[in-house]
1. Note the full-extension length gain between residue 95 and residue 63 as 0.36 nm times their separation in residues minus their Cα-Cα distance, in nm to one decimal.
2. Using the Karplus equation 6.51 cos²θ - 1.76 cosθ + 1.60 (θ = phi - 60°), what ³J(HN,Hα) coupling, rounded to whole Hz, does each residue of the range 70-76 give in order, writing x for Gly and Pro?
3. Please give the Cα centre distance for the range 87-132 versus the range 1-64, rounded to the nearest Å.
4. If each residue of separation counts as 0.36 nm, what is the full-extension length gain between residue 182 and residue 1 once their alpha-carbon separation is subtracted?
5. Under a point spin-label approximation (7 Å from Cα along Cα-to-Cβ), what is the residue 147-residue 114 distance to one decimal in nm?
6. Farthest toward the dipole's positive end in the range 1-152, which of 101, 129, 45, given Cβ charges of +1 (Lys, Arg) and -1 (Asp, Glu) about the Cα centre?
7. Taking θ = phi - 60°, what integer Hz values does the Karplus form 6.51 cos²θ - 1.76 cosθ + 1.60 yield along the range 124-138, in sequence order, with x for Gly and Pro?
8. Sort 24-32, 136-144, 66-74 by the packing proxy (mean of other Cβ within 10 Å over each peptide's residues), most packed first.
Amino acid sequence: MNPNLNNLILAIVSQTLEQGGYITKTKLLKLLYLFDVEYYRVNRQTFTGLNWKYFHLGPWTSEYDSVLNDLVDRAELLRSPSSRAEHDTEFYKTSRIVPINEALPVFRDENILRGILNTWASKSTGEILDYVYFQTEPILHGERNDLLDFSLIPEEPPQMYRKSSSGKTPREIKALRQKLEEKKKARAENITAAPTFTPPRYDDEYWQAIEALEEPAR
């Protein structure tokens with residue numbers, strides 16, 4: 001098990017909350033797994049060193065509970081029950097903000113985690129489970145109750161983003177910008193009132209579904 005695993009967990013939790021997401025036991029476990037998948041894709045080894053197994057809702061490890069409980073006992077990770085008394089879901093936060101580079105001093109590794117959190121931090125546990133179950137190679141090719149084989153992940157070095165040329169001349173670009181500004185001005189003049197937002201309704205069926213996803217974290 002990687003000695004920096006604790007810092008990784010604290011960074012994931014604090015950065016997910018910073019991005020407006022939430023963290024539960026199940027969601028955190030799947031985010032750790034996703035990081036190991038993408039870390040392996042580049043480094044040909046997992047970062048966490050956890051023994052991942054295909055169990056029920058996908059990746060799970062028997063070491064997870066003891067690591068989590070140790071962080072809670074040391075008050076580095078704070079656990080609180082759901083505000084709805086009829087549900088047993090617990091949420092996590094950190095006692096301090098842990099920057100990603102504190103857990104991952106190598107920029108390439110930091111960039112891998114940022115990519116995962118930018119994609120999944122604000123997503124629901126259900127969305128993450130769906131992706132993990134149907135889109136990650138160790139689960140796709142795994143067998144229930146067996147250890148997951150990360151060597152099935154193809155090696156794909158991260159692609160550097162480069163802005164491509166539109167092929168337009170400066171005169172054409174200027175004309176397009178002018179046309180866009182005219183459309184924006186016309187749209188603004190046609191707006192008579194700001195749109196209203198109707199808050200979503202969370203009924204009992206919604207919370208029962210969330211509880212089913214979050215407990216147990218397997």
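Where a number appears in this text, it was derived from the coordinates with a stated rule and is not lab data. Quick caveat, the model's predicted, so the values are computed rather than measured. Virtual Cβ from ideal backbone geometry, glycine too; neighbours counted across all protein chains shown.
1. Once the chain is fully extended between residue 95 and residue 63, it gains 9.3 nm.
2. Per residue, the Karplus-derived 3J(HN,Hα) values read 5, 5, 5, 4, 8, 6, 7 Hz.
3. Centre-to-centre distance over Cα atoms comes out at 8 Å.
4. The residue 182-residue 1 span can extend by a further 59.3 nm.
5. Modelled inter-label distance: 3.4 nm.
6. Toward the positive end, the furthest listed residue is 101.
7. Residue by residue, the range 124-138 yields 6, 4, x, 5, 5, 4, 4, 5, 4, 6, 10, 10, 10, 4, x Hz.
8. Peptide ranking by packing, descending: 24-32, 136-144, 66-74.
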